[in-house]
Amino acid sequence: MEFGRISRRHLLQGGAALTLGAATGARPSFAAETTIGFIYVGSRDDYGYNQAHAQGAAALKKIPGLKVVEEEKVPETDAVEKTIESMINLDGATLLFPTSFGYYNPHMVKMAKKFPKLHFEHCGGLWSDKDPKNAGSYFGYIDEAQYISGIVAGYSSKSGKLGFVAAKPIPQVLRNINAFALGARLANPKATTQVIFTGDWSMPVKEAEATNSLIDQGVDVLTCHVDGPKTMVENAARRGAMVCGYHVNQSPLAPKAYLTGAEWNWEALYPKFVKMIAAGESIPNFYRGGLKEEIVKTSPYGEAVSAEARKHADDVKAKFLSGDGYAIFKGGLVDNKGKTVIAAGTDRGQKDPELEKMDYLVEGVVGATS
Amino acid sequence: MADGSIGLWTVPLAVLGGAIRVSTPFLFVSLGECITERSGRINLGLEGTLVMGAMSAYGISYLTGSPWLGVLAAGITGALLGALHAGICSLPRVNDIAVGIALMLFGTGLAFYLGKPLIEPTAPRLPAIDFGWWSDIPQVRAALRVNVLFLIGVALAPILYWAFRTTRWGLLIRTAGESSDAARAMGHSVLLIRLRATMVGGFLAGIGGSFLSLFYPGSWNEGLSSGQGITAVALVIFARWDPLLCLWASLAFGGAAALGPALQSVGVTSGYHLFNAAPYILTLAIMIITCSPKRTLTGAPAELSITR
């Protein structure tokens, strides 16, 4: 590997000037053969975050005239800059998707400044006005799909105890936990959601221990927010509990136990991006959306989901898809310490920036953020 | 109770269950390393062996449908990696620690490369023996679902303890580890003894890996080991190269790993990072309590490159 990198670097030092010259002549629309680069932080068939992006990349491969290059397990260090440079200089990539959160600053921003004619799209919603205009961020309000999962989980749980295996108490994760818990309370006002933080994005033994501990506490429906939900899904199903998935559809792992899940819908979004560029439009630097914008979706219901649960979940989903939208975090919201976190009368909709700073767990969640 | 929860009892039960579930890889790797180090060589590459074992066990179990063949394959893979380590180390002026680090990287890298197509499929797992049949509390039953490999590991510890003291080959390994000159004077090839000891060590570490992928957590992915092989090697040092202490140390580590999630599940949520770090704090504490600047570690084989 190291030798490969060194020789590549030498190559690109020579090639950089040439390619830059060629890039200045590039038009906004795609030529006959356009190359798109995808960079993943982990393995692209992890049944999780990276697989969701790889499914998006696979959707692009089907479009004629597009060539997709991919590299897996690129750490969030200057290694990603080298990968980006080699994709640009050796493969001729003109649109890049460094998909992991930590790739953005300083790595992707630096590359976007260095190659001002190329497009960079980052998953995570970190773009700000100070960043280069050829860089962009997109992200999905996956809490909407978690809310639907919560409704289904609330109906499916016999004990009224739900479990959530989470990585770290950061706003995005807390938002998912809260949405899941609020959804569950819609179905069963007494439902509680117990959360366990494992401390990192990929800790299979901790995730398995967390799953077992939750089930020992009487939890009978679990979901998670970690990079690879496979461990939780398989271990919960073995113990006879039911699961809601995350990132991608995990039902092949546990067909009987799988209720539904919150999935990314990158295979719908990425072709849209490509069409926008081909049509000469610019992709908004800050691109976000939820179920309505087809950035997230829910897994098909499993056989264990009751007709009542399906109906309620479908009704709420229809509200998300409607023109008016639907606010999960409504006024009068109390956290699990009894403090009012959203004053009565103010509904916080999907795009409300206050929700990006979430640092609380709502009433009905058992657990603490620190 | 009526709702199926057992309240605070979850914590001791989870620690017990965790000790049984999580400790097995520690146990096998540390017993294997114990044999290797007693012969006078350190194999730091067991992290790589563990991951290779996990990957090959999963692959063979998936391809043949028999998890036991997977366990065997993991053992053989481990023995081959052990032979590689011993082979390189038998060359003159080769540092076994450096070779171990190289093999650790080689083993994990090779396992990730070969294991790529194995992340998605689901392989048949090892069966568990239900020791909780006497209880009608499902949590107790779940905690006492014990895998045969754990029992083999538990039996192996006293057998090794006995073997090091009383059997011919046990004494030979110790002779090679305490004084290679003495072993040579007795007419034995030190290199051959160390080759065998490293291979057996690798075999056991490979089996430890098969437990990870075939029983608990029970699937192959790249974060599976997250340093358990290295921890187990360190564990041998604070178990003072004693197989019986290796057993207790492994159980303590397994239980400590379960402590963080279990405490959170009963509502002790403050400082979960600290509880998640429990195994490492335990290591540090034991190291600090037992070390002394005035003498070398008691029980350390004299031929080890760290004591020499």
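Conditions (1) exposed (fewer than 15 other Cβ atoms within 10 Å of the Cβ); (2) more than 30 Å from A:Y270 (Cα to Cα); (3) modelled with pLDDT under 95, marked per residue:
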position	(1), (2), (3)
A:E294	no, no, yes
A:P300	yes, no, no
A:D315	yes, no, no
A:S322	yes, no, yes
A:N336	no, yes, yes
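Only residues that are modelled with pLDDT of 90 or more and under 20 Å from the mean Cα position of the chain (by Cα) were counted across region A:205-227, and they come to 6.
What number of residues within region A:223-268 are of a type in the set (A, V, I, L, M) and touching an Asp or Glu at 6+ places or on another chain (Cβ under 7 Å)?
8
Taking the conditions (1) within 11 Å of chain B (Cβ to nearest Cβ); (2) in a helix (DSSP H, G or I); (3) in contact with a helix residue (DSSP H, G or I) (Cβ under 8 Å, 6 or more places away or on another chain) in turn, A:I196 satisfies each one other than (2).
Evaluating A:V219 against the criteria (1) in contact with a Lys or Arg (Cβ under 6 Å, 6 or more places away or on another chain); (2) surrounded by fewer than 23 Cβ atoms within 10 Å (Cβ to Cβ) leaves one unmet condition, (2). Considering only region B:227-235, I want to know if a residue exists there that is among the hydroxyl-bearing types (S, T, Y), surrounded by fewer than 23 Cβ atoms within 10 Å (Cβ to Cβ) and under 12 Å from the mean Cα position of the chain (by Cα). Checked against the condition, which is being among the hydroxyl-bearing types (S, T, Y), surrounded by fewer than 23 Cβ atoms within 10 Å (Cβ to Cβ) and under 12 Å from the mean Cα position of the chain (by Cα), region B:227-235 yields at least one hit. Taking B:R240 as the residue in question, decide whether it is in contact (Cβ under 8 Å) with a residue 40 or more places away in the chain, away from every other protein chain (no Cβ under 14 Å) and charged (D, E, K, R). Yes: the conditions hold for B:R240. Within region B:200-209, one or more residues are part of a helix (DSSP H, G or I), in contact (Cβ under 8 Å) with a residue 24 or more places away in the chain and surrounded by fewer than 24 Cβ atoms within 10 Å (Cβ to Cβ).
Between B:A142, B:A155, B:A197, B:A183, the distinction of being at pLDDT 95 or above and touching a helix residue (DSSP H, G or I) at 6+ places or on another chain (Cβ under 9 Å) belongs to B:A197 only.
Taking region B:1-100 and the helices (runs of 4 or more DSSP H) fully enclosed by it, the elements with 2 or more residues that are charged (D, E, K, R) and away from every other protein chain (no Cβ under 14 Å) are at B:10-38. When each of B:A155, B:A176, B:A143, B:A163 is tested for being within 28 Å of A:A237 (Cβ to Cβ) and among the small types (G, A, S), the lone residue that passes is B:A143. Residues in region A:127-150 that are in contact with a strand residue (DSSP E or B) (Cβ under 9 Å, 6 or more places away or on another chain), in contact (Cβ under 8 Å) with a residue 24 or more places away in the chain and not small (G, A, S): A:W127, A:D131, A:Y138, A:F139, A:Y141, A:I142, A:D143, A:E144, A:Q146, A:Y147, A:I148. Based on what the data block shows, is A:D129 modelled with pLDDT under 95, closer than 27 Å to B:G227 by Cα and either within 13 Å of chain B (Cβ to nearest Cβ) or in a loop (DSSP other than H, G, I, E, B) (or both)? Taking the combined requirement at face value, the residue does not satisfy it.
Regarding B:A183, is this residue without any contact (Cβ under 8 Å) to a residue 40 or more places away in the chain, crowded, with 21+ Cβ neighbours inside 10 Å and on the phi < 0 side of the Ramachandran plot? Against the criterion (without any contact (Cβ under 8 Å) to a residue 40 or more places away in the chain, crowded, with 21+ Cβ neighbours inside 10 Å and on the phi < 0 side of the Ramachandran plot), B:A183 qualifies.
Residues checked against (1) within 12 Å of B:G202 (Cα to Cα); (2) in contact with an Asp or Glu (Cβ under 7 Å, 6 or more places away or on another chain); (3) surrounded by fewer than 24 Cβ atoms within 10 Å (Cβ to Cβ); (4) of a type in the set (A, V, I, L, M, F, W, C):
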| position | (1), (2), (3), (4) |
| --- | --- |
| B:M52 | yes, no, no, yes |
| B:L63 | no, no, yes, yes |
| B:A83 | yes, no, yes, yes |
| B:R93 | no, no, yes, no |
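Just one residue in the set A:A181, A:A208 is crowded, with 21+ Cβ neighbours inside 10 Å and within 13 Å of chain B (Cβ to nearest Cβ); that residue is A:A208. Taken over region B:242-266, the criterion of being more than 28 Å from A:G42 (Cβ to Cβ) and either in contact with a helix residue (DSSP H, G or I) (Cβ under 6 Å, 6 or more places away or on another chain) or buried (at least 23 other Cβ atoms within 10 Å of the Cβ) (or both) is satisfied by B:P243, B:L244, B:C246, B:L247, B:A249, B:S250, B:L251, B:G255, B:L263, B:V266. Against the test of being over 29 Å from B:G170 (Cβ atoms), among the hydroxyl-bearing types (S, T, Y), touching a residue at least 40 places away in the same chain (Cβ under 8 Å) and outside any helix (DSSP H, G or I), the options B:S226, B:S219 yield a single qualifying residue, B:S219.
Being among the basic types (K, R) and assigned to a loop (DSSP other than H, G, I, E, B) is the filter here, so list the residues in region B:111-160 that pass it. Spell out how you get there, then give the answer.
Taking region B:111-160 as the starting set, the residues that turn out to be among the basic types (K, R) are B:116, B:125, B:141, B:145.
Selection gives B:R125 alone.
From the list A:A153, A:A135, exactly one residue is more than 14 Å from chain B (Cβ to nearest Cβ), within 16 Å of A:R288 (Cα to Cα) and among the hydrophobic types (A, V, I, L, M, F, W, C). Which is it? Working first, answer last.
Details: A:A153 fails: within 16 Å of A:R288 (Cα to Cα).
After applying the criteria, what remains is A:A135.
Counted as qualifying within region A:285-350 are the strands (runs of 3 or more DSSP E) with 2 or more residues that are in contact with a Leu (Cβ under 7 Å, 6 or more places away or on another chain), namely A:340-342. Could you check B:G260 against (1) under 30 Å from A:V366 (Cβ atoms); (2) in a loop (DSSP other than H, G, I, E, B); (3) within 8 Å of chain A (Cβ to nearest Cβ) and say which number it fails? Of everything listed in (1) under 30 Å from A:V366 (Cβ atoms); (2) in a loop (DSSP other than H, G, I, E, B); (3) within 8 Å of chain A (Cβ to nearest Cβ), B:G260 misses just condition (2). In region A:163-171, the condition of being at pLDDT below 95 and more than 14 Å from chain B (Cβ to nearest Cβ) is met by at least one residue. Scanning region B:105-129 for residues that are among the hydrophobic types (A, V, I, L, M, F, W, C), within 20 Å of the chain's Cα centre (by Cα) and within 15 Å of B:E222 (Cβ to Cβ) gives B:L105, B:L110, B:A111, B:F112. Does A:A57 fit the bill of being at pLDDT 90 or above and away from chain B (no Cβ under 14 Å)? Taking the combined requirement at face value, the residue satisfies it.
Within the set A:C244, A:C224, the sole residue that is closer than 28 Å to A:F38 by Cβ, within 14 Å of another protein chain (Cβ to nearest Cβ), touching a residue at least 60 places away in the same chain (Cβ under 8 Å) and part of a strand (DSSP E or B) turns out to be A:C224.
Being away from every other protein chain (no Cβ under 14 Å) and surrounded by 18 or more Cβ atoms within 10 Å (Cβ to Cβ) narrows it down to one residue among A:T77, A:T94; which is it? It is A:T94.
Being touching a Leu at 6+ places or on another chain (Cβ under 7 Å) and at negative phi is the requirement here; does B:I207 meet it? Spelling it out, B:I207 is indeed touching a Leu at 6+ places or on another chain (Cβ under 7 Å) and at negative phi.
The values are calculated or read from the model by the stated rules, or taken from the named source; none is laboratory data. Just so it is clear, the model here is predicted, and its values are computed rather than measured. Ideal geometry is used to build each Cβ from the backbone, glycine not excepted, and the neighbour counts take in all protein chains shown.
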